[in-house]
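Step one of this worksheet: look at the structure below.
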Amino acid sequence: MGERLLRKTYNRMDIVVLLTTPKYVPCNPSRIMAYIGCYKQLTTFVVMTEQAIQAKRIKQLESQGYYVIKMIKCNKNGLPDILAIPPNTPVIFSEVKTDKGVVSKLQEYRLKELDGYGFKTEVYRGYDK
């Protein structure tokens, strides 16, 4: 019916443009995930990438006071992408080091940051003091 679909990625979002003839202007949001607008001969839809959706959710959770961790690779397959922990929750963050292992500046910073959220942190060296 005189339609042509164009797809481009812009700013971590897939932009899908449906070009139509002047006589036929469909505004059907079910064709694409998120509907933006419908103008005379141009219908534009935005489909957010998973990365953009994750970034949006992380920002939302952090604005609500959660400490948010984006899980990339861990010892348990199939875990969700984001871990959101409310402040003052009984969670232990354990940095594991050998006797001679040195805690880096970044690791020190993160441990202090987590302490500030009221979480228990430790540098564990394989034995109890």
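Observations, loosely collected:
- Computed from the C-beta positions of N77 and V123 and an R0 of 25 Å, the FRET efficiency is 0.35 to the nearest 0.05.
- Linear extension gain, I92 paired with I69, 0.36 nm per residue minus alpha-carbon span: 6.9 nm
- Inter-label distance, R57 to A84: 0.9 nm, where each label sits 7 Å from its Cα along the C-beta direction.
- Order of M71, M48 - criterion: other Cβ atoms within 10 Å of each residue's Cβ, fewest first: M71, M48
- Links that overshoot a 24 Å alpha carbon limit, given the list K76/K105; K70/K120; K76/K97: K76/K105
No value in this document is a laboratory result; all are computed from the given coordinates. What you see is a predicted model, and the numbers here were worked out from it, not measured in a lab. Note: ideal-geometry Cβ built from the backbone for every residue, glycine included; neighbour counts use all protein chains shown.
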